[in-house]
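Please treat every number below as a calculation from the coordinates, not as lab data. Note that this is a predicted model, so its numbers are computed, not measured. Methodologically, a virtual Cβ is constructed for each residue, glycine included, from the backbone with ideal geometry; neighbour enumeration extends over all protein chains shown.
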């Protein structure tokens, strides 16, 4: 139960980043705008991370928690 | 995530736990732009398929064995997503929904006819008492093993074959994990069939005459 909530928090992070940069959560709009954001950089405590990697990582954590993969199982 | 057997037949097989895999497949244009996350997803999926199949061998609760085998099959879907074979992942998801629902309903039939007995060691010789359940359970088990001309054969064999042919650094490692997971899958499926239907009768005497 607690693992699902942790995964939901990370999924909300992904949604917040999508709304912050794309101003929408529509599937088709995001997929068509995605090639224009490939060089976008997020600075996080001195690390320069690509926006696309961060969003994909947060969605991946959400999917892992939802379907009980290793790390967030039980 | 425990519940009555028809509920877990719906949730564990088709709808709830496969939501994560469906999310990955639906967001595939996002994942295709980031190589690192695809590599991470492949590793996590392969290790989960291996690890959960290994756990399921040592469980004796009949519903826990089937639940851990669901986890293992979800690992298969995850690493085939990570190797960019999304069509194989949705194909395996579709087939897995059918045969795992069949297995859960068969397990529910066994559990209810033995008065809520879930331990596999206290069953045995049910092939005489529940022949129709035995036939349904056999179809589901052979399908999850990957017996030829049943649904699990087509999807799982295709996933293994494509994993063998992909030239990514970790594909070779994942291929051996998935092969050993397939071996463990056949092991615990045969174990359920033997313990529940074929071994010597270990049931309580009170529910021996009723079944």
Taking the convex hull of the alpha-carbon atoms of region B:43-129 and averaging its shadow over every direction gives an area in square nanometres of 6.0 nm²
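List B:196, A:9 from most exposed to least, where exposure is judged by having the fewest other Cβ atoms within 10 Å.
The order, fewest Cβ neighbours first, is A:9, B:196.
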Mean Cβ count within 10 Å, highest first, over the residues of peptides B:182-191, B:15-24, B:101-110, B:116-125 | B:101-110, B:15-24, B:182-191, B:116-125
At a Förster distance of 22 Å, what's the computed FRET efficiency of residue A:29 paired with residue B:87, Cβ-Cβ distance as r, to 0.05?
-> 0.35
One finds, for residue A:53 and residue B:10 with R0 = 35 angstrom and r their Cβ-Cβ distance, a FRET efficiency to the nearest 0.05 of 0.50
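Report the gain in length on full extension from residue B:35 to residue B:187: 0.36 nm times residue separation, minus Cα-Cα distance, nm rounded to one decimal.
51.2 nm
Over the alpha-carbon set of chain A, divide Rg by the Kirkwood Rh and report the Rg/Rh ratio to two decimals.
Radius of gyration over Kirkwood radius for chain A works out to 1.02.
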By how many degrees, 0 to 90 and rounded to 10, does the Cα axis of helix B:171-193 deviate from the longest principal axis of chain B?
-> 10 degrees
Helix-derived [θ] at 222 nm for the protein assembly as shown: sum -39500 (n - 2.57) over DSSP H runs of at least 4, divide by residue count, nearest 500?
-> -22000 deg cm²/dmol
Arrange the peptides A:62-74, A:43-55 so that the one whose residues have, on average, the most other Cβ atoms within 10 Å appears first.
-> A:62-74, A:43-55
Can you give the average number of partner chain beta-carbon atoms within 10 Å of each beta-carbon in peptide B:12-22, as a whole number?
-> 3
Please tell me the relative contact order of chain A in percent, rounded to the nearest whole number, where contacts are Cα pairs under 8 Å and at least six residues apart.
-> 42 percent
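Per residue, what volume in Å³ does the convex hull of the Cα atoms of region B:1-75 enclose?
Spread over its residues, the Cα hull of region B:1-75 gives 74 Å³ apiece.
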What is the mean number of Cβ atoms from other protein chains located within 10 Å of the Cβ atom of each residue in peptide B:23-36, rounded to a whole number?
-> 6
Using only the alpha carbon atoms of the protein assembly as shown, find the Kirkwood hydrodynamic radius as the inverse mean reciprocal pair distance, in angstroms to one decimal.
-> 20.0 Å
On a 0 to 90° scale, report how tilted helix B:35-57 is relative to the longest principal axis of chain B, with both axes built from alpha carbons and the result rounded to the nearest 10.
-> 20 degrees
To the nearest whole number, what is the average tally of beta carbon atoms from other chains within 10 Å of the beta carbons of peptide B:69-76?
-> 2
Packing-wise, with mean Cβ within 10 Å as the measure, how do B:60-70, B:158-168 rank, highest first?
-> B:60-70, B:158-168
Compute from the Cα atoms of region B:5-198 the Rg and the Dmax, the latter being the longest Cα-Cα distance, and quote both in angstrom.
-> 16.8, 56
The simple spin-label model distance between residue A:8 and residue B:199, using points 7 Å out along Cα→Cβ, in nm, is 4.0 nm
